Amino acid sequence: MEAIKIIETARYAPSKIVTNDDLSQIMDTSDEWITERTGIRQRHISEGENTSDLAIKVGQSLLAKSGYQLDQVDLIIVATMSPDAYTPATAAIVQGELGASHAVAFDISAACSGFMYAMMVAKQLLQMPTVNRAMVIGAEVLSKIIDWQDRTTAVLFGDGAGGVLLEKDASATSILLGQNWQTFGDQHDALSAGYTKVANQFPGPVTDLKPFYMDGHGVYRFATHQVPKSIITAANQASIDVDAIDHFILHQANARIIRSVAKRLHVSQEKFPININEYGNTSAASEPILLSECVDQGIVKRGDIIALSGFGGGLTVGTMIIKY
Ligand code: ACO
């Protein structure tokens with residue numbers, strides 16, 4: 001097994017900020033309700049930038065920080081549930097706009113677990129002799145698929161992107177200590193966005209995309225039960241105690257879910273950094289945005305042990321225990 005390490009982290013969010021008070025001007029909600037139930041105070045919302053635009057900013061930043069040339073990137077994976085189009089893949093647009101013509105590029109669709117799934121796929125592909133460096137980017141413009149009349153989902157989400165540059169390095173010890181990923185397809189209808197109905201006549205009507213739908217209580221129960229289990233399974237595989245993990249970088253869906261996971265694992269909440277207050281739920285982008293912030297702020301340091309864990313549509317869960 002080839003050793004892999006994270007060379008750089010980066011993030012980008014659109015400059016427009018929408019506060020809870022702003023939302024209360026357009027729907028029947030309040031700052032108090034949103035803050036108490038979710039921990040969210042504001043979110044970044046795109047004005048004109050699509051998912052690929054956000055991912056390109058992250059790609060450019062990863063390249064600039066690492067000092068690598070475009071032709072040294074062999075693989076680009078974008079995890080997203082809000083791609084620019086059905087086809088081409090958002091990753092192909094990113095590859096083309098960056099000019100990384102050497103890289104193979106494709107998307108992964110696993111909602112809020114997308115970044116973890118993409119990391120696991122990248123890790124496997126980095127075992128190939130022709131793949132030495134990979135960009136793994138989580139990017140979302142969820143604001144374009146939200147029903148802004150539906151207060152039960154509209155207040156929860158935001159736009160943003162984050163990513164890492166992974167490198168195969170024979171001289172290093174591998175960052176990957178343990179992993180767990182699972183799909184619960186029997187609960188596929190608990191969360192959906194962009195569902196397209198097939199017409200039962202020919203010629204059918206123009207495709208009607210359904211906006212975001214979520215069984216909030218169901219997903220809440222799923223997350224608070226499955227995330228601790230997934231972290232324990234990955235820690236067992238890594239042969240480490242959950243106590244030995246320095247930071248828990250969890251998908252930022254709800255501050256209450258994060259606190260509940262900490263409690264169930266009997267771990268101090270101080271080990272669970274939270275930035276949902278600033279970004280809301282950015283789905284596949286949330287873990288790499290948080291990781292990048294923690295690295296830049298010196299909270300996550302080289303040698304620290306981190307549990308990265310995502311959960312969401314599918315339903316899906318994915319955890320990686322890594323040594324940063
Ligand atoms: N403002 C004011 N009131 C509201 C709002 C709002 N934005 N939304 C709902 N309410 C009302 C409801 O109508 C309800 O009123 P009622 O009691 O008169 O019927 C009341 O507030 C309580 O609503 P609940 O749905 O019970 O609120 P809850 O405490 O469960 O919080 C939430 C809802 C935040 C969605 C929570 O269930 C949750 O976080 N679920 C998990 C979401 C998640 O983790 N998603 C991750 C995956 S996302 C992905 O994969 C893309």
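For the reader, a short list of remarks on this structure follows.
Conditions tested, residue by residue: (1) within 22 Å of Gly160 (Cα to Cα); (2) away from the ligand (no atom under 16 Å from the Cβ); (3) under 19 Å from the mean Cα position of the chain (by Cα).
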position	(1), (2), (3)
Ala10	yes, yes, yes
Thr19	yes, no, no
Glu32	no, no, no
Glu36	no, no, no
Arg41	yes, no, no
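- Failed item in (1) among the polar types (S, T, N, Q); (2) closer than 20 Å to Val300 by Cα; (3) more than 16 Å from the ligand (Cβ to nearest atom); (4) touching a residue at least 60 places away in the same chain (Cβ under 8 Å), with Thr233 passing the rest: (2)
- In region 310-324, residue farthest from Lys123 (Cα to Cα) [restricted to those that are within 16 Å of the ligand (Cβ to nearest atom) and part of a strand (DSSP E or B)]: Gly312
- Here Leu176 passes the criteria (1) under 19 Å from the mean Cα position of the chain (by Cα); (2) away from the ligand (no atom under 14 Å from the Cβ); (3) at pLDDT 95 or above; (4) not β-branched (Val, Ile, Thr) except the one numbered (3).
- Within region 198-230, the set of residues being near the ligand (Cβ under 10 Å from one of its atoms) and without any contact (Cβ under 8 Å) to a residue 24 or more places away in the chain comprises His217, Arg221.
- Residue selection: Ala234 satisfies the criterion of being in the same structural domain as Ser283 (by TED's automatic domain parsing), in contact with a strand residue (DSSP E or B) (Cβ under 6 Å, 6 or more places away or on another chain) and on the phi < 0 side of the Ramachandran plot.
- Counting only helices (runs of 4 or more DSSP H) that sit wholly inside region 240-309, those with at least 2 residues that are free of Cβ contacts under 8 Å to residues at least 60 places away in the same chain, within 12 Å of the ligand (Cβ to nearest atom) and surrounded by 15 or more Cβ atoms within 10 Å (Cβ to Cβ) are 255-265.
- Tally of residues being under 23 Å from Ile257 (Cα atoms) and of a type in the set (Asp, Glu) across region 132-185: 3
The values are calculated or read from the model by the stated rules, or taken from the named source; none is laboratory data. The structure displayed is predicted, hence computed values, not measured ones. Glycine gets a Cβ as well: all are built from the backbone with ideal geometry, and neighbour counts include every protein chain shown.
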